[in-house]
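Asker: Below is a structure I'd like to ask you about.
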Amino acid sequence: MKAPVTVVGLGPMGRTMAETFLKNGHPTTVWNRTASKATPLVEQGATLAATPAEALAASELVVISQTDYKAMYDSLDGAEMKGRVLVNLSSGSPDELRRAAEWVEGKDAALLTGGVMVPPPGIGQPDAYIMYSGPEELLDRHRDTLRVLGDTTYVGADVGLSNLYYQAQLYLFWSTLTAYIHSIAMLQSAGVSAEQFRPFATETVTALGADGPMGFLRIIAEEVDAGHSPGGENSMLMMAISADHAVEAAAQAGIDTVGPRALRDLFWRTVDAGHGSDGLSSVIEVIRKGA
Ligand code: NDP
């Protein structure tokens, strides 16, 4: 028989996770603040727990997917959880996750955290992956069950790491796509359609992750790890002046300038910090200093 699992939280993500466990033959108990959301899952074979305590009692493995970590405290405070392995896949800040681990350990249970790197329809699909952090032996113990949701990528013992990775990926994703949208708006002001621009944008974004001379994901990682940022023919000073032009271009197009201004300010602060002849990766010196 497959291992039993409890799912707490039946938003779009938790509901899909519970369905995926059921489809893979795991006896699945569910609990949600709004109990009616469990009805379709009960029709598919899930057991609805009447209380959080009943949900915790049903399985050693308890997967939580709620809006935030506050929801976990609101739901589980006061319920017996001794010996349970809580796998919280909700998003939160790293320190919030570390505090949550202490709270759970104080109740003689253990916490693994995860950052889900796909939207609900991706759960259980071949490309799905979830980044886990916390005690590795707990992940190993429940890997066969958790694997039905997606690849179980372990990123480290610090329980906050899963969501540090998650936030890092999300920032990369949002800022890249927002820059793309900004570029589209700029070109639209001169009658160029988004579809006309797309092949050029594709070329740039694809090249960044490839191995060629534009493969800046690798180049920057190597420079940052080596603590060395050679400017060569692309100095920070030249790029700061070009960033001035990017702000002017956005203003002339009559569009919002907040993105290019943030970039320009960062570039000039990097120049002012003495990195005018260094390369782009030297912006990390200013970023690391914090506000
Ligand atoms: P939702 O915000 O829709 O989750 C809602 C769930 O949280 C419901 O079960 C809701 O209960 C419960 N909840 C919220 N507040 C409380 C509370 N105070 N007490 C008890 N239960 C509460 O999010 P999703 O399902 O979309 O996502 C879940 C998590 O997964 C989030 O942290 C999200 O950031 C993360 N995630 C989501 C992705 C997505 O594309 N959806 C992608 C990657 C990660 P009720 O039904 O009673 O309101």
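Asker: Surrounded by fewer than 19 Cβ atoms within 10 Å (Cβ to Cβ) and under 28 Å from L76 (Cβ atoms): does that describe R147?
Answerer: Considered against the rule, which asks whether it is surrounded by fewer than 19 Cβ atoms within 10 Å (Cβ to Cβ) and under 28 Å from L76 (Cβ atoms), R147 comes out as yes.
Asker: Continuing with this model, one more query. Any residue in region 25-48 that is under 15 Å from V5 (Cα atoms) and more than 12 Å from the ligand (Cβ to nearest atom) sitting within a Cβ distance under 8 Å of a residue that is among the β-branched types (V, I, T) and assigned to a helix (DSSP H, G or I)? List the pairs, counting only those 6 or more apart or interchain.
Answerer: Note: pairs meeting the criteria are H26/T145; L48/V42.
Asker: Could you identify the single residue in G150, G160 that is among the small types (G, A, S) and under 24 Å from G25 (Cα atoms)?
Answerer: G150
Asker: For region 188-291, which helices (runs of 4 or more DSSP H) that fit wholly inside it have 1 or more residues that are modelled with pLDDT of 95 or more, open to solvent by 50 Å² or more (accessible area, probe 1.4 Å) and of a type in the set (S, T, N, Q)?
Answerer: Ranges flagged: 194-209, 236-252.
Residues are listed down the side, and each one gets a yes or a no for (1) open to solvent by 10 Å² or more (accessible area, probe 1.4 Å); (2) at pLDDT 95 or above; (3) within 16 Å of I123 (Cα to Cα):
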| position | (1), (2), (3) |
| --- | --- |
| G25 | yes, yes, yes |
| G45 | yes, yes, no |
| A71 | yes, yes, no |
| K82 | yes, yes, no |
| V85 | no, yes, no |
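Asker: Quick one: count up the residues across region 59-69 that are away from the ligand (no atom under 13 Å from the Cβ) and open to solvent by 50 Å² or more (accessible area, probe 1.4 Å).
Answerer: 1
Asker: So which residues in region 108-136 are surrounded by 16 or more Cβ atoms within 10 Å (Cβ to Cβ) and either in contact with a Lys or Arg (Cβ under 6 Å, 6 or more places away or on another chain) or charged (D, E, K, R) (or both)?
Answerer: A109
The values are calculated or read from the model by the stated rules, or taken from the named source; none is laboratory data. Treat the numbers as computed from the prediction; the structure is a model and nothing was measured. All Cβ positions, even for glycine, are placed from backbone atoms using ideal geometry, and neighbour counts span all protein chains on display. Quick note on the areas: whole protein, heavy atoms, side chains included, nothing else; ligands and nucleic acids left out. Shrake-Rupley method; radii C 1.70, N 1.55, O 1.52, S 1.80 Å.
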